[in-house]
Amino acid sequence: MKALTERDIRGSFINCSKGEAKRLHVPRDLDGRPWDDLDFLGWGDPGAPDRSYLVVERQDELVGVAMRFQPAQRGFLHRSMCSLCLTTHPRGGVSLMTARKSGPAGREGNSVGAYMCTDLACSLYLRGLKVPETGARFEESLTLEEQIDRTRQNLLAFIDKL
Ligand SMILES: [Zn+2]
């Protein structure tokens with residue numbers, strides 16, 4: 001994806017207020033992100049470990065999503081799979097991310113959830129640039145391009161529900 005600026009990011013959120021978008025944590029190392037190998041930018045908030053954000057290009061616009069999740073607890077799923085990139089991780093590597101719906105439905109408290117890599121590094125797992133702790137990616141017959149495309153479609157399908 002093309003490199004994003006803090007301004008691009010703050011202007012992209014579809015499911016939080018303008019005030020929240022202005023205040024939320026944006027990574028300070030945007031210049032150092034491997035943009036060529038990213039299908040979307042995902043990050044967490046070091047000051048609020050139950051929050052995550054992602055931004056993806058959809059047609060010609062940027063779509064940002066603010067999400068919350070339950071940090072992994074003891075006895076939680078032993079091992080689980082990211083619904084976007086289909087990487088399997090040991091406990092804690094995958095989390096159920098919930099995103100408030102946009103507009104009135106969100107203000108009424110409706111949200112949508114999906115299991116995702118907790119670090120939102122799906123793009124890097126797909127390309128083998130990051131390896132899950134003891135989990136693994138199963139052998140796929142799809143090419144990397146096809147897997148990237150599938151991950152993107154999975155993510156856009158999630159966003160369509162917001
Ligand atoms: Zn993933």
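The values are calculated or read from the model by the stated rules, or taken from the named source; none is laboratory data. A quick note: this is a predicted structure, and the numbers were derived from the prediction, not measured. So basically every Cβ, Gly included, is an ideal-geometry build from the backbone, and we count neighbours across all protein chains shown.
If we keep just the residues of segment 96-120 that are under 23 Å from Thr151 (Cβ atoms) and out of contact with any Ser or Thr (no Cβ under 8 Å at 6 or more places or on another chain), which is farthest from the ligand (Cβ to nearest atom)? Among them, the one singled out is Ser102. One residue stands out in segment 121-160 among those that are more than 13 Å from the ligand (Cβ to nearest atom) and among the hydroxyl-bearing types (Ser, Thr, Tyr): the one that is modelled with the lowest pLDDT, namely Thr134. With a requirement of 3 or more residues that are under 16 Å from the mean Cα position of the chain (by Cα) and more than 23 Å from Glu140 (Cα to Cα), the strands (runs of 3 or more DSSP E) lying completely within segment 52-129 that satisfy it span 61-69, 94-100, 111-117.
Scanning segment 85-106 for residues that are under 19 Å from Val63 (Cβ atoms) and either touching a His at 6+ places or on another chain (Cβ under 6 Å) or not hydroxyl-bearing (Ser, Thr, Tyr) (or both) returns Cys85, Met97, Ala99, Arg100, Lys101, Gly103, Pro104, Ala105, Gly106. Do you know which residues across segment 107-121 are of a type outside the set (Ser, Thr, Tyr) and either in contact with a His (Cβ under 6 Å, 6 or more places away or on another chain) or within 15 Å of Glu133 (Cβ to Cβ) (or both)? Listed by number, the residues that qualify are Cys117, Asp119, Ala121.
Rundown of residues vs (1) within 23 Å of Gly103 (Cα to Cα); (2) surrounded by fewer than 15 Cβ atoms within 10 Å (Cβ to Cβ); (3) touching a residue at least 12 places away in the same chain (Cβ under 8 Å), yes/no style:
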{"position": "Ala3", "(1), (2), (3)": "no, yes, yes"}
{"position": "Cys16", "(1), (2), (3)": "yes, no, yes"}
{"position": "Lys22", "(1), (2), (3)": "yes, yes, yes"}
{"position": "Asp29", "(1), (2), (3)": "no, yes, no"}
{"position": "Gly32", "(1), (2), (3)": "no, yes, no"}
{"position": "Pro49", "(1), (2), (3)": "no, yes, yes"}
{"position": "Cys85", "(1), (2), (3)": "no, no, yes"}
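Return the only residue of Gly93, Gly44, Gly64 being in contact with a strand residue (DSSP E or B) (Cβ under 9 Å, 6 or more places away or on another chain) and within 13 Å of the ligand (Cβ to nearest atom). Going through Gly93, Gly44, Gly64 in turn, just one is in contact with a strand residue (DSSP E or B) (Cβ under 9 Å, 6 or more places away or on another chain) and within 13 Å of the ligand (Cβ to nearest atom): Gly93.
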